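Read through the structure below, which is laid out as structure tokens, and then see the notes.
The values are calculated or read from the model by the stated rules, or taken from the named source; none is laboratory data. Here the structure is a predicted model, which means the values were calculated and not measured. All Cβ positions, even for glycine, are placed from backbone atoms using ideal geometry, and neighbour counts span all protein chains on display.
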Amino acid sequence: QVQLVESGGGLVQPGGSLRLSCAASGSIFSINAMGWYRQAPGKERELVAAITSGGSTNYADSVKGRFTISRDNAKNTVYLQMNSLKPEDTAVYYCNAAAKIYSDYEEYDYWGQGTQVTVSS
């Protein structure tokens, strides 16, 4: 399978910045899209940003202009630069990858364990 490990979360004041990283490893044949989701307590998990292998991106309206997703295909790593953070951004952020492994033709979604982002004064 594919393992995704997130890092970079933490506590930050409103207006501050954080950079999340997610590294994929395992018997990877190819990775198509990668993205970041987030989930706050009592709320549904929502898409924050996504990026294709070719670099096309899309963002949730709530983070446009503040967050930037990027990707290093050689390292199988996706990043999320978060600027001008707001208390409403507080959530567990999950990395997602649509990938194929060598032993299977099918493409599956894989998820990281999540990293906590807390924005508070």
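Highlighted here are the strands (runs of 3 or more DSSP E) found entirely within segment 1-114 that include at least 2 residues which are in contact (Cβ under 8 Å) with a residue 12 or more places away in the chain: 2-7, 10-12, 18-26, 28-39, 46-51, 67-72, 77-82, 91-101, 108-111.
Taking the criterion of being within 15 Å of Gly8 (Cα to Cα) and surrounded by 21 or more Cβ atoms within 10 Å (Cβ to Cβ), would at least one residue in segment 49-59 satisfy it? It would help to see each step written out before you state the result.
From segment 49-59, those within 15 Å of Gly8 (Cα to Cα) are none; that's our starting set.
No, segment 49-59 contains no residue that is within 15 Å of Gly8 (Cα to Cα) and surrounded by 21 or more Cβ atoms within 10 Å (Cβ to Cβ).
Restricting Ala50, Ala91, Ala97, Ala24 to residues that are in contact with a Phe, Trp or Tyr (Cβ under 6 Å, 6 or more places away or on another chain), at pLDDT 95 or above and of a type in the set (A, V, I, L, M, F, W, C) narrows the list to Ala97.
Can you tell me which residue among Glu44, Glu107 is over 18 Å from Glu6 (Cα atoms), acidic (Asp, Glu) and in contact with a Lys or Arg (Cβ under 6 Å, 6 or more places away or on another chain)?
Numbers: Glu44 fails: in contact with a Lys or Arg (Cβ under 6 Å, 6 or more places away or on another chain).
Testing whether each residue is over 18 Å from Glu6 (Cα atoms), acidic (Asp, Glu) and in contact with a Lys or Arg (Cβ under 6 Å, 6 or more places away or on another chain) leaves just Glu107.
On the stretch given as segment 71-91, residues that are aromatic (Phe, Trp, Tyr) and at positive phi total 0.
Which residue is surrounded by the fewest Cβ atoms within 10 Å (Cβ to Cβ), if the candidates are limited to segment 91-118 and must be within 17 Å of the chain's Cα centre (by Cα) and farther than 19 Å from Asn76 by Cα? Restricting to residues being within 17 Å of the chain's Cα centre (by Cα) and farther than 19 Å from Asn76 by Cα, the top hit is Gln116. What do you reckon, is Ser62 surrounded by fewer than 18 Cβ atoms within 10 Å (Cβ to Cβ), of a type outside the set (Phe, Trp, Tyr) and in contact with a helix residue (DSSP H, G or I) (Cβ under 8 Å, 6 or more places away or on another chain)? Yes; evaluated as a whole, the condition is true for this residue. Flag set for Thr77, criterion: among the hydroxyl-bearing types (Ser, Thr, Tyr), over 15 Å from Asp109 (Cα atoms), touching a Lys or Arg at 6+ places or on another chain (Cβ under 9 Å) and surrounded by 12 or more Cβ atoms within 10 Å (Cβ to Cβ).
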